[in-house]
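Read the structure below first, then the notes.
The values are calculated or read from the model by the stated rules, or taken from the named source; none is laboratory data. Model, not experiment: these values are computed from the prediction. Cβ placement follows ideal geometry from the backbone for every residue including glycine, while neighbour counts extend to all protein chains displayed. Surface areas here come from the heavy atoms of the whole protein model, side chains and all, with no ligands, DNA or RNA. Shrake-Rupley method; radii C 1.70, N 1.55, O 1.52, S 1.80 Å.
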Amino acid sequence: MTSLKELVDETGQFDYNALKRLAKGQDQATFVRLVSEMVLVGSGLYRGWLLGDGKKEGEEDKKETVLFQPEERRQKATQFKVLETYIFPLIPVKQRDEESHGKNVHVVTVGRSKKCDIILSDPSISSKHAEFRMDKGDGTSGPACFVRDLGSSNGVFVNGSRLAPFWTKDLAIGDEIRLSRFSIILSRAIDVYPKLKFG
């Protein structure tokens, strides 16, 4: 039986072709059980400018986050079909030393640092940019998902509204989460399954 670790690369992203093969070879229930109930699916990029080169003076190996200036205040992300193959599980794959949040709560960190669960190697992404928390609940209700800005330079936006630093916001399926210039959509694995199986 395939494990989650076999499907995810070192950046925390699903291997799209492996995910397609899994969907084609498994029924929906098995697919969802292996993948996680909720996933993040890439959607698009926001147009704009990166301001600065991100280098600290005299320190070549340490990079600072580069500020991102959107082209327009109320623009929509430019959709890229290729970004729809960027699918991330909301289950941490990396082992951590810190205390567990419990088997019903999964915390996934996103950032430029290699210590994050999902690594976005872009200069506009902070080393620790955001944190997603999925609470599977006690079985009487469906899972709940939250996002938290970890004090990022370029912000976390939910459906166009920027979160205050270290603020947590509850999410609904279909919400657009913008991390700097990256647009991702909170989706259910059950909805991704037919696109992978028959697409």
Filter segment 136-160 for residues that are open to solvent by less than 70 Å² (accessible area, probe 1.4 Å) and part of a strand (DSSP E or B); which is modelled with the lowest pLDDT?
-> Ala144
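I'd like to verify a number: residues in segment 116-134 that are open to solvent by less than 20 Å² (accessible area, probe 1.4 Å), within 12 Å of Leu150 (Cβ to Cβ) and part of a strand (DSSP E or B), how many?
Step one: of segment 116-134, the residues open to solvent by less than 20 Å² (accessible area, probe 1.4 Å) are 116-118, 122, 124-126, 129-130, 132, 134.
So of that shortlist, the ones also within 12 Å of Leu150 (Cβ to Cβ) come out as 116, 125-126, 129-130, 132.
Next cut, part of a strand (DSSP E or B) only: 130, 132.
Looking only at that region, the number is 2.
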Does segment 27-41 contain any residue that is small (Gly, Ala, Ser) and within 25 Å of Val147 (Cβ to Cβ)?
-> yes
Some residue of segment 43-50 being open to solvent by less than 90 Å² (accessible area, probe 1.4 Å), out of contact with any Ser or Thr (no Cβ under 6 Å at 6 or more places or on another chain) and modelled with pLDDT of 80 or more | no
Scan segment 1-32 for residues that are hydroxyl-bearing (Ser, Thr, Tyr) and more than 17 Å from Arg188 (Cα to Cα) and jot them down.
-> Thr2, Ser3, Thr11
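Say whether the condition of being open to solvent by 90 Å² or more (accessible area, probe 1.4 Å), assigned to a loop (DSSP other than H, G, I, E, B) and modelled with pLDDT of 80 or more is met by at least one residue in segment 7-18. Write out each step before concluding.
In the first step, residues of segment 7-18 are kept if they are open to solvent by 90 Å² or more (accessible area, probe 1.4 Å); the result is 10, 17.
Filter again for assigned to a loop (DSSP other than H, G, I, E, B), leaving 10.
Filter again for modelled with pLDDT of 80 or more, leaving 10.
Within segment 7-18, one or more residues are open to solvent by 90 Å² or more (accessible area, probe 1.4 Å), assigned to a loop (DSSP other than H, G, I, E, B) and modelled with pLDDT of 80 or more.
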Taking Arg181 and the conditions (1) at pLDDT below 95; (2) open to solvent by 30 Å² or more (accessible area, probe 1.4 Å); (3) more than 14 Å from the chain's Cα centre (by Cα), which numbered condition does it fall short on, given that it satisfies the others?
-> (3)
